[in-house]
Amino acid sequence: MPKEMKSEIKEWIKAIGFALILALLVRGFIFEPMIVPTGSMIPTIQINDRILVNKFVYRFQEPQYNDIVVFRYPDDHRQIFVKRLIGKGGDTIEIKNGVLYRNNVPLDEPYIKEAMWGDFEKHTVPEGHYFMMGDNRNNSKDSRFWNNSYVSRKEIIGKATYRIWPLNRAGRLE
């Protein structure tokens, strides 16, 4: 094999190796693509939508109300869930006559699929934890129904920021 060809092959191997390491670092610490397998976030996120999860943002700021958060399911850390942040530590959450109240104030929720059925008695979110609900409230396995009702800070993976597939609905998630 000619010397020039060996040199060219070595350069290609270095470039591919660098690209692979960079991709693994980006996926591990900055952004990760995910497929949403359920309809619990309809209409905001549809079944089988591909989203980008920003794993970096919560290193510099706390999760905010209405963020769409990706986290490990508190009852089984092998499962990954996507829900909307409704309550933070110290907040009281209650549902009366299909209306969600945070700290005794009814929330305006234009993103939910339909009015909720049923009530949920008043609960106070523990410090360092979060209360999560899907936008498809009548078809969402969320904080209301879990054994461990609250998501701890360490269970949060990141913030769902963009839909990347399907292309006709691609864009920023609100």
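Just the number, please: carbon plus sulfur as a percent of the accessible area of the chain, 1.4 Å probe, no ligands or DNA/RNA counted.
Answer for the chain is 58 percent, counting heavy atoms of protein chains only.
Identify, among 117, 147, 100, the residue whose Cα sits farthest towards the positive end of the charge dipole of the range 85-174, taking +1 on the Cβ of Lys and Arg and -1 on the Cβ of Asp and Glu, with the dipole about the Cα centre.
Highest projection toward the positive end goes to 147.
Assuming a ≥ b ≥ c are the square roots of the Cα gyration tensor eigenvalues, decide whether the range 87-174 counts as rounded (a/c under 1.5), prolate (otherwise, with a/b larger than b/c) or oblate.
oblate
What is the sum of charges, Lys and Arg at +1 and Asp and Glu at -1, for the other residues whose Cβ falls under 12 Å from the Cβ of residue 95?
Charge balance in the 12 Å sphere: 0.
Roughly how many Å² is the accessible area per residue of the chain, as a whole number, for a 1.4 Å probe?
59
Beta carbons within 10 angstrom, averaged per residue: use that to sort the peptides 40-53, 109-122, highest first.
Put in order of decreasing packing, that is 40-53, 109-122.
Could you run the Karplus curve 6.51 cos²θ - 1.76 cosθ + 1.60 with θ = phi - 60° over the range 117-126 and give me ³J(HN,Hα) per residue in whole Hz, x for Gly and Pro?
Values, residue by residue: 9, x, 10, 9, 5, 4, 10, 9, 6, x Hz.
Here are a few candidate values for Rg and Dmax of the Cα atoms in Å: [x] 20.4, 79; [y] 15.0, 44; [z] 15.7, 49. Which one was actually calculated from the structure I just gave you?
[x]
May I ask which of 88/159; 55/122; 113/141; 10/55; 55/154 have a Cα-Cα span longer than 22 Å here?
Listed pairs above 22 Å: 55/122; 10/55.
For the chain, what does -39500 (n - 2.57) per DSSP helix run (n ≥ 4), summed and divided by total residues, give at 222 nm, in deg cm²/dmol to the nearest 500?
Helix contribution divided over all residues of the chain: -5500 deg cm²/dmol.
What are the ³J(HN,Hα) values, in whole Hz, obtained from phi via the Karplus relation 6.51 cos²θ - 1.76 cosθ + 1.60 with θ = phi - 60°, for each residue of the range 137-148 in sequence order, with x given for Gly and Pro?
For the range 137-148, the Karplus curve yields 4, 7, 9, 9, 7, 9, 3, 5, 10, 7, 5, 9 Hz.
As I understand it, the value is the acute angle between the Cα axis of helix 3-29 and the longest principal axis of the Cα atoms of the chain; what does it come to in degrees, rounded to 10?
Long axis of 3-29 versus the principal axis of the chain: about 10 degrees.
The values are calculated or read from the model by the stated rules, or taken from the named source; none is laboratory data. Nothing here was measured: the structure is a model prediction, and the numbers come from that model. So basically every Cβ, Gly included, is an ideal-geometry build from the backbone, and we count neighbours across all protein chains shown. Keep in mind that these areas ignore ligands, DNA and RNA; they rest on the heavy atoms of the full protein, side chains included. Shrake-Rupley method; radii C 1.70, N 1.55, O 1.52, S 1.80 Å.
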